[in-house]
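Q: Dropping the structure in here first, questions after.
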Amino acid sequence: MRQHEIHRKTHETEIRTALNLDVPEPVAVYTQLPLFTHFLAALAKHSHLSWQISGQGDIEVDPHHLIEDTGIVMGQALRGALADMRGIHRFGQRLLPMDDALILCALDISGRGQLYWSGSFPDRPINGVNAEVWPEFFRAFASHAGITLHLVCQAGENAHHTYEAAFKALGQALYEAVQVGPSTDVPSTKGVL
Ligand SMILES: [Mn+2]
């Protein structure tokens, strides 16, 4: 089984994540910030992977700490679960609509963690949470997972739809990228990822 668990506690947050890439269940997501829980639950559901995530932190200071640190821990869990990367599809992509929103997500489990964030993401808060925190989640996740992650907002008027579509698109692209095919080779001409 390709699985990994992380527990990370700092003076700002305490996050636990368990990920299993080979089974779709259980899925359990809880954070102190209901909007973030809602978005993570969408990611988990549409990834068809077993994510167990719990996060708490000093959201009274700023939701930024909880959101970024959860991205760090989820990225570390993915990297750990992938282990030697043998046989994985490596690339994943999704063009995901949600009403007015249309998000392109393309990722490469490259070993080089980097977020490329572009397009017309709405710069409006949702229920008091500023839009600037969402790319910080995806950046932390990409950087700690060691994946090249492109998220492009091709259309989006409603901020809730647009950011929720980004979480769903990442879930779907991840599912594709971590699937194991008939080859047991590491999917790189260099022989390592
Ligand atoms: Mn929603």
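The values are calculated or read from the model by the stated rules, or taken from the named source; none is laboratory data. What you are looking at is a predicted structure, and each value in this text was computed from that prediction instead of being measured. All Cβ positions, glycine included, derive from the backbone under ideal geometry; neighbour counts span all protein chains shown.
Q: From the list P187, P122, P135, which residue is touching a Phe, Trp or Tyr at 6+ places or on another chain (Cβ under 9 Å), surrounded by fewer than 22 Cβ atoms within 10 Å (Cβ to Cβ) and farther than 25 Å from P34 by Cα?
A: Numbers: P122 fails: farther than 25 Å from P34 by Cα; P135 fails: farther than 25 Å from P34 by Cα.
Exactly one of P187, P122, P135 is touching a Phe, Trp or Tyr at 6+ places or on another chain (Cβ under 9 Å), surrounded by fewer than 22 Cβ atoms within 10 Å (Cβ to Cβ) and farther than 25 Å from P34 by Cα, namely P187.
Q: Since D84 meets every condition but one in (1) in contact with a strand residue (DSSP E or B) (Cβ under 8 Å, 6 or more places away or on another chain); (2) within 28 Å of T184 (Cβ to Cβ); (3) charged (D, E, K, R), which condition does it not meet?
A: D84 satisfies every listed condition except (1).
Q: Can you name every residue in segment 1-41 that is within 16 Å of the ligand (Cβ to nearest atom) and not hydrophobic (A, V, I, L, M, F, W, C)? If you could, list the steps in order and put the result at the bottom.
A: Let us first name the residues in segment 1-41 that are within 16 Å of the ligand (Cβ to nearest atom), namely 29, 31, 33-41.
Of everything in segment 1-41, those that are within 16 Å of the ligand (Cβ to nearest atom) and not hydrophobic (A, V, I, L, M, F, W, C) turn out to be T31, P34, T37, H38.
Q: A further question follows. Do we have any residue at all in segment 42-60 that's more than 16 Å from the ligand (Cβ to nearest atom), at pLDDT below 95, in a loop (DSSP other than H, G, I, E, B) and not β-branched (V, I, T)?
A: Yes, because at least one residue in segment 42-60 is more than 16 Å from the ligand (Cβ to nearest atom), at pLDDT below 95, in a loop (DSSP other than H, G, I, E, B) and not β-branched (V, I, T).
Q: I'd like to know if segment 77-85 contains one or more residues that are closer than 18 Å to R2 by Cβ, at pLDDT 95 or above and not aliphatic (A, V, I, L, M).
A: Initial filter on segment 77-85 (closer than 18 Å to R2 by Cβ): 77-85.
From the residues that got through so far, the ones that are at pLDDT 95 or above too are 77-82.
Checking which are not aliphatic (A, V, I, L, M) leaves us with 79-80.
There is at least one residue in segment 77-85 that is closer than 18 Å to R2 by Cβ, at pLDDT 95 or above and not aliphatic (A, V, I, L, M).
Q: Take L151 and decide whether it is surrounded by fewer than 21 Cβ atoms within 10 Å (Cβ to Cβ), closer than 30 Å to V186 by Cβ and at pLDDT 95 or above. Break it down into steps so the answer makes sense when it comes.
A: Working: surrounded by fewer than 21 Cβ atoms within 10 Å (Cβ to Cβ): no; closer than 30 Å to V186 by Cβ: yes; at pLDDT 95 or above: yes.
When the stated conditions are applied, L151 does not pass them.
Q: Which ones in segment 34-62 are buried (at least 21 other Cβ atoms within 10 Å of the Cβ) and farther than 14 Å from F141 by Cβ?
A: Within segment 34-62, the subset buried (at least 21 other Cβ atoms within 10 Å of the Cβ) is 36, 39-40, 42-44, 47, 49, 51, 53, 55, 57.
If the condition is that a residue be buried (at least 21 other Cβ atoms within 10 Å of the Cβ) and farther than 14 Å from F141 by Cβ, then A42, G57 are the ones that fit.
Q: Tell me whether segment 154-175 contains one or more residues that are closer than 12 Å to R90 by Cα and in contact with a His (Cβ under 7 Å, 6 or more places away or on another chain). Explain how you work it out, then say what you get.
A: Step one: of segment 154-175, the residues closer than 12 Å to R90 by Cα are 173-175.
Going one step further and asking which of them are in contact with a His (Cβ under 7 Å, 6 or more places away or on another chain), we end up with 175.
Looking for residues that are closer than 12 Å to R90 by Cα and in contact with a His (Cβ under 7 Å, 6 or more places away or on another chain), one finds at least one in segment 154-175, hence yes.
Q: On to the next question. Somewhere in segment 13-30, is a residue touching a residue at least 12 places away in the same chain (Cβ under 8 Å), part of a loop (DSSP other than H, G, I, E, B) and among the hydroxyl-bearing types (S, T, Y)?
A: Looking through segment 13-30, none of the residues is touching a residue at least 12 places away in the same chain (Cβ under 8 Å), part of a loop (DSSP other than H, G, I, E, B) and among the hydroxyl-bearing types (S, T, Y).
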